[in-house]
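Every read-out reported here was derived from the displayed coordinates using simple, explicitly stated rules and does not represent laboratory data. Values in this document were obtained by computation on a predicted structure and should not be read as measured data. Neighbour counts are summed over all protein chains in view; Cβ atoms, including those assigned to glycine, are modelled from backbone coordinates with ideal geometry.
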Amino acid sequence: MMICPKCGFEQQASPECVRCGVVIEKLVKNTRENAVVKDRPENTKPALFERGKHTSTVKDFFLKWLRKLSDRLIRLLILSCITWLAYSALLYLCKALWSVYIETPVGRRFVSDFSPTARVIFEVLSLDLLRLSFSINIAALKTCLLTGAVCQALSITRYFYLSRGLIARMVFWGGLCSALTSYDIWNFLDVNWRTAFLLVLPPTLPISVSCFKFTSELLPELSTILNIKSLRQL
């Protein structure tokens, strides 16, 4: 007894199947030849092609990310320069107005009645204001980028920053970044913390918005990285 390899009909041993008419020996021979062809190295090309396609996709993604990084860096640097120049102009304006104010009767009385505060104002405005503005902007940029990177990694940006309006972002997160920046400037200027906070507040507010946008667009969250890692292990 034998079973036809094509239709599965059970019959007496015969060169042909009495049911479907196939030549059994020829069918078996063709089946073996097809199996050999499938095992040849040429047939691994599709897999290699898929691997190459995946590598090309990763490369394109990385190049796209680099272009986006350079574009956002240029924008951030331009904003920082504008903030530096604008804040320098504001400080020089304050110095000019202070010089006029202390010549008035009200100004002279203020200097005599609030001498510690007046002394701090004199000390700050007697500094190189261009350099002072530059130092504050660099400190604000450094603090805001670090804070934004940490918040992005811990998914804080997605839940507590991006979901808020511009005013809320500037008041809460800009205030937080200003408070952190003031600690850096505090030792540099040798003034009290409140004075340092008021000095760093104007430039830190716009810089914090740009830095949080920069980190949210370019840095991944830790949860995303862990999810990708777990998927690869499956």
Rounded to the nearest Å, what's the spacing between the alpha carbon centres of the stretch 169-185 and the stretch 75-101? Just the number, please. 18 Å
For the stretch 72-233, the Rg and Dmax computed from alpha carbons only, in angstrom: 19.5, 77
At a Förster radius of 22 Å, what calculated FRET efficiency corresponds to the Cβ-Cβ distance of residue 171 and residue 142, to the nearest 0.05? 0.55
Spacing of the two label points (7 Å from each Cα toward its C-beta) at residue 164 and residue 16, in nm: 8.7 nm
Sort 75-85, 148-158, 92-102 by packing, meaning the average of other beta carbons within 10 Å per residue, with the highest value first. 148-158, 75-85, 92-102
Tell me the net charge near residue 76. Cut-off is 14 Å between Cβ atoms, residue 76 excluded, with +1 for each Lys or Arg and -1 for each Asp or Glu. +3
Rounded to the nearest 0.05, what FRET efficiency do residue 99 and residue 225 have when you use their Cβ-Cβ distance and R0 = 35 Å? 0.05
Counting only C-alpha contacts under 8 Å and six or more residues apart, can you give the relative contact order of the stretch 156-234 as a whole percent? 30 percent
